[in-house]
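Notes follow once the structure below has been shown.
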Amino acid sequence: MASEYLKWKYRDVKPDEPVQYTAQEKRRNWFFYHKWHIVIGVVLVLCLGDVLWHVLGIGQVMPDYQVAYVGAAMLPDDTVAALEDAIAGLGQDCNGDGRVAVKLNQYVTAGGSGDAAEYAAASTVMLMGDLSENDSYFFLLEDPDRFQREYGVLRRLDGTLPTEDDEDYENCYIAWDDCPALAGLDLGDYTVTTLGKEVTGHSRELLSGLYVARRGFWMDETSKYPEQCGELWDALTEGALS
């Protein structure tokens, strides 16, 4: 009886027509219900990209050669860039990425007080990390005797390794000016700002008082691309007066 009554009561009621959404409304509804999935996905992609960039080096230009500069003051950016490009012109594409790249790592180890002392201490720690990881094969040194006395990692000029009690440090480095290939490099000028004033000079003047050396390896240690590094060393020191 009740069912017949309901049929009679709703005899003229028509079902609602299905709602037709536009494409824009469909996208808006989808985004409303999935927005947190999108946010989480973006965060995961960014985290993955950071790992690939910093840890695996994907997307970065990886250096074929690394040079460690150790001195009392930082070299100007202009000088560093010019020197990296000049050395790259003498090298080869060791890692097969289609270009020759050189990275100069600067380590300012001169002491002092306040911020200068803290910076020197941090720089020394980074230098130790460089030596431990065998990153730099080439060295550009302001005081090579002191460097070899403290770290003992340089190879003799004849390619042999010094003994533990060998104090003949001069056989481990060559003056920049005594290397025709280096002394003849056209590195241009540099500009730095000191006390609010721009100072310009010749990059060659900054490098002429330095010394070049290369890494020695004991036990089973070695650097990346040792053969290519050896060839570049021969090119940089060809005709040198030792």
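Descriptive notes on the structure:
- Residue match in the stretch 94-108 (condition: at pLDDT 95 or above and part of a helix (DSSP H, G or I)): no
- Filter result for Glu164 (assigned by TED's automatic domain parsing to the domain that holds Asp77 and modelled with pLDDT under 90): yes
Conditions (1) touching a strand residue (DSSP E or B) at 6+ places or on another chain (Cβ under 6 Å); (2) at pLDDT 95 or above, marked per residue:
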{"residue": "Asp178", "(1), (2)": "no, yes"}
{"residue": "Gly184", "(1), (2)": "no, no"}
{"residue": "Val192", "(1), (2)": "yes, no"}
{"residue": "Leu206", "(1), (2)": "no, no"}
{"residue": "Val212", "(1), (2)": "yes, yes"}
{"residue": "Phe217", "(1), (2)": "no, no"}
{"residue": "Ala235", "(1), (2)": "no, yes"}
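- In the set Asp158, Asp145, only one residue is assigned to a loop (DSSP other than H, G, I, E, B) and either charged (D, E, K, R) or under 21 Å from Leu127 (Cα atoms) (or both); that residue is Asp158.
- Residue match in the stretch 142-153 (condition: surrounded by fewer than 17 Cβ atoms within 10 Å (Cβ to Cβ), within 19 Å of Val70 (Cβ to Cβ) and either among the basic types (Lys, Arg) or at pLDDT below 90 (or both)): yes
- Among residues that are under 22 Å from the mean Cα position of the chain (by Cα) and loosely packed, with under 14 Cβ neighbours inside 10 Å, Thr194 is not included.
The values are calculated or read from the model by the stated rules, or taken from the named source; none is laboratory data. Every value quoted in this text rests on a predicted model; they were computed, and no experiment measured them. So basically every Cβ, Gly included, is an ideal-geometry build from the backbone, and we count neighbours across all protein chains shown.
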